Amino acid sequence: APDAAPATAPTNPAAPPTAPPTGPSPAYLALAELGRRDIRLALSADDCTALEPQAAEWLDRGVTTDYLIAALTAGLPAQVDCPPRFVRRRLADKIPPQLPTTPNTS
């Protein structure tokens, strides 16, 4: 009986179609671009990965990557001591409202 269990355990027909995405997401790329736009917001690859879910929330709300970058780089203080913490705070504080997915015809 123990020999039969391992043969059926790894079978998962839903797994193959859901391949991991290839390359960085638009949210990751927008975060990586911040340091090129303004050196005060330079983030490491690990920082971009950690902040990616928050940035993706913005994109899920219908904003473009250009809008996201502009919102994060606008009105920067003279010095940013910890870019990842600063960007995390801006992502949380400035998140735009969720736009309706269908136009309001009334």
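Ranked by how many other Cβ atoms sit within 10 Å of their own Cβ, fewest first, the residues 37, 89 fall in the order 89, 37. Here the gap between residue 66 and residue 93, fully extended at 0.36 nm per residue and compared with their Cα-Cα distance, gives a gain of 7.9 nm. Maximal additional length on extending the residue 39-residue 85 stretch stands at 15.1 nm, based on 0.36 nm per residue less the C-alpha distance.
Remark on residue 43: its backbone amide H falls under 5 Å from those of 35, a criterion applied only to residues 5 or more positions apart or on other chains, H modelled at 1.01 Å from N.
Only the coordinates and a few stated rules stand behind these numbers; no lab work does. Since this is a predicted model, take the numbers as computed values, not measurements. All Cβ positions, even for glycine, are placed from backbone atoms using ideal geometry, and neighbour counts span all protein chains on display.
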